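Written out below as structure tokens is the structure these notes cover.
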């Protein structure tokens, strides 16, 4: 399907993508680049990429498919590094967890060629990172969200859709705004809350003693607080607008509880908890 | 060790306690009472109790051990129902998730006999409730927190400690205030937050569409939101003071994040997340 993949970022996400593409016979050759030359070299030794490129620009030279698998905050710099070799016929995709900021960067840097970029967010990952953990099955059976803009070429959307489908993914399409709102609500805000709860405990003298008494509820609730700090720094900054909006909804819901508790309104409080309990019990996520 | 257990509340916690006491050979006879006569009858049919009592008062008549396994909000009414048959030599224990309110009720109602009551909180439970799920191993290997007050008789504290130890529990002692603060921090506030997050989602038009995109992080974070509404209504009302205190700590931690995100201070934000991530990664709960 593709002659040459230019892979920028040979980490868990990028490395797994390259392996999956090769295994599916969807690409002939993979030229890879990572910020750290030792990572690029390691990726070649592992067979994740075929050729090491000394720069992002050289990685995309001659590619008909470009995959950006870099932290979202590095997107703009990456586009800048490669723009002189990006033509309208090259398909460019990414794996960023936020989409509006990535798209803004594409608009600013790619100019007339922005139509070649199809913003993608595959809903997958691991608790480990790095090319050593790259796994060709990382994407199989997962949702991939495409958030094209008006200027995105229909033909590129079709190619991106065909590519992910061939890798065994379920492609979902929505606007960048819907995407960022949804993930602010079900992922970014929960992470922020879990971080804040851990810091709230850590800031109290008795915090460690408190935590020694915690049970399985706490364990599950707080698990996401152990996530990668650099990655989450970028996400929280990139999606701050939608986060602020979701935070407002959350604080409103919290204030409702506060009020009923302060006024001792047991029946209304029970109704409120009942609503939450039902919403959670009725949530069924395929495959989870 | 005990001749007769008067069990008030034949649900999961009370029923499991009776079974465990019998299995360990720590009690000769169990007289049980539940608010619903059909529950009491069912408990006898299951062999959880030996004799059905038509009232709480009759359940404790002749008992040298009284176990209150009722919702915390029902504690005061239960003490009132039994006070005329409570003497200083009877050991009274409970399983309530909050302690200051339970102790206040005991002080108000038991008067001079308050020294016979040893407030207990076994850190155990199931997602299912009811006597049908009673299990003699529910308490094995679990922590039981005792929160005696100055007036609690030393001899009763010793008897309670010996009893729980004989059931395979690890007994921990702390003040009622410490207990309620700790559980506000690691259990009650996380539950409140999870309830509020679910309601925040449920209140948004796109909430269901958002949730359809949620992954394993959301699944774990929100699991406790499916908890029993009546039980949590009681806990949130009973422990409102410590909850308010913990909420203040949490909101302060959240505001710190908000500020750094709004000001785009990436390095400081990363440090803040790092602190949370470390606190969570270093938390090791034996047996979890």
Discussion item. Can you say whether residue B:257 is closer than 23 Å to residue B:72 by Cβ and modelled with pLDDT of 95 or more, as far as the supplied structure shows?
Written reply: no
Only one of (1) in a loop (DSSP other than H, G, I, E, B); (2) under 27 Å from residue B:23 (Cα atoms) does not apply to residue B:98, and that is (2)
Within the stretch A:1-20, the residues that are in contact with a strand residue (DSSP E or B) (Cβ under 7 Å, 6 or more places away or on another chain) and within 21 Å of residue A:128 (Cα to Cα) are A:7, A:8, A:9, A:10, A:14, A:17, A:18
Next on the checklist: Kindly evaluate residue B:32 against the criterion of being surrounded by 23 or more Cβ atoms within 10 Å (Cβ to Cβ) and within 17 Å of the chain's Cα centre (by Cα).
Outcome noted: no
Go through the residues of the stretch B:177-191 one by one and say whether even a single one is surrounded by fewer than 22 Cβ atoms within 10 Å (Cβ to Cβ), farther than 30 Å from residue A:191 by Cβ and more than 14 Å from chain A (Cβ to nearest Cβ).
no
Quick count over the stretch A:23-44, residues being under 20 Å from residue A:161 (Cβ atoms) and either assigned to a loop (DSSP other than H, G, I, E, B) or in contact with a strand residue (DSSP E or B) (Cβ under 8 Å, 6 or more places away or on another chain) (or both), is 4
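For the stretch A:129-137, does any single residue satisfy the condition of being in contact with a strand residue (DSSP E or B) (Cβ under 7 Å, 6 or more places away or on another chain) and surrounded by fewer than 23 Cβ atoms within 10 Å (Cβ to Cβ)?
Step one: filter the stretch A:129-137 for residues in contact with a strand residue (DSSP E or B) (Cβ under 7 Å, 6 or more places away or on another chain), giving none.
The answer is no, given that none of the residues of the stretch A:129-137 is in contact with a strand residue (DSSP E or B) (Cβ under 7 Å, 6 or more places away or on another chain) and surrounded by fewer than 23 Cβ atoms within 10 Å (Cβ to Cβ).
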Margin query: Can you say whether residue B:154 is surrounded by fewer than 18 Cβ atoms within 10 Å (Cβ to Cβ) and either at pLDDT 95 or above or more than 9 Å from chain A (Cβ to nearest Cβ) (or both), as far as the supplied structure shows?
Written below: yes
Of the residues in the stretch B:1-26, those that are crowded, with 24+ Cβ neighbours inside 10 Å and under 15 Å from residue B:64 (Cα atoms) come to B:5, B:6, B:7, B:8, B:18, B:21
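Report yes if residue B:107 is out of contact with any helix residue (DSSP H, G or I) (no Cβ under 6 Å at 6 or more places or on another chain), more than 17 Å from residue B:16 (Cα to Cα) and surrounded by fewer than 20 Cβ atoms within 10 Å (Cβ to Cβ), otherwise no. Talk me through it step by step, then tell me what you get.
On the way: out of contact with any helix residue (DSSP H, G or I) (no Cβ under 6 Å at 6 or more places or on another chain): no; more than 17 Å from residue B:16 (Cα to Cα): yes; surrounded by fewer than 20 Cβ atoms within 10 Å (Cβ to Cβ): yes.
Criteria not met by residue B:107.
Table: residues versus (1) more than 7 Å from chain A (Cβ to nearest Cβ); (2) closer than 30 Å to residue B:141 by Cα; (3) touching a helix residue (DSSP H, G or I) at 6+ places or on another chain (Cβ under 8 Å); (4) not in a loop (DSSP other than H, G, I, E, B).
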position	(1), (2), (3), (4)
B:251	yes, no, no, yes
B:254	no, no, yes, yes
B:267	yes, no, no, yes
B:284	yes, yes, no, no
Of the listed residues (A:125, A:130), the one being within 26 Å of residue A:229 (Cβ to Cβ), assigned by TED's automatic domain parsing to the domain that holds residue A:15, more than 12 Å from the chain's Cα centre (by Cα) and in contact (Cβ under 8 Å) with a residue 12 or more places away in the chain is A:130
Quick check: anything in the stretch B:111-127 more than 23 Å from residue B:15 (Cβ to Cβ) and touching a strand residue (DSSP E or B) at 6+ places or on another chain (Cβ under 7 Å)? yes
Going through (1) more than 7 Å from chain B (Cβ to nearest Cβ); (2) at pLDDT below 95 one by one, residue A:217 fails only at (1)
Sole miss for residue B:86 among (1) buried (at least 18 other Cβ atoms within 10 Å of the Cβ); (2) at pLDDT 95 or above; (3) farther than 24 Å from residue A:215 by Cβ is condition (2)
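So that you can scan it fast, the table gives a plain yes or no per residue for (1) at the interface with chain A (Cβ under 7 Å from one of its Cβ atoms); (2) farther than 16 Å from residue A:278 by Cβ; (3) surrounded by 17 or more Cβ atoms within 10 Å (Cβ to Cβ):
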{"residue": "B:194", "(1), (2), (3)": "yes, no, yes"}
{"residue": "B:202", "(1), (2), (3)": "yes, no, yes"}
{"residue": "B:225", "(1), (2), (3)": "yes, no, yes"}
{"residue": "B:236", "(1), (2), (3)": "yes, yes, yes"}
{"residue": "B:242", "(1), (2), (3)": "no, yes, yes"}
{"residue": "B:257", "(1), (2), (3)": "yes, yes, yes"}
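The values are calculated or read from the model by the stated rules, or taken from the named source; none is laboratory data. Predicted model only: the values in this text are computed from it and were never measured. Please note: Cβ atoms are built from the backbone with ideal geometry, for glycine as well, and neighbour counts cover all protein chains shown.
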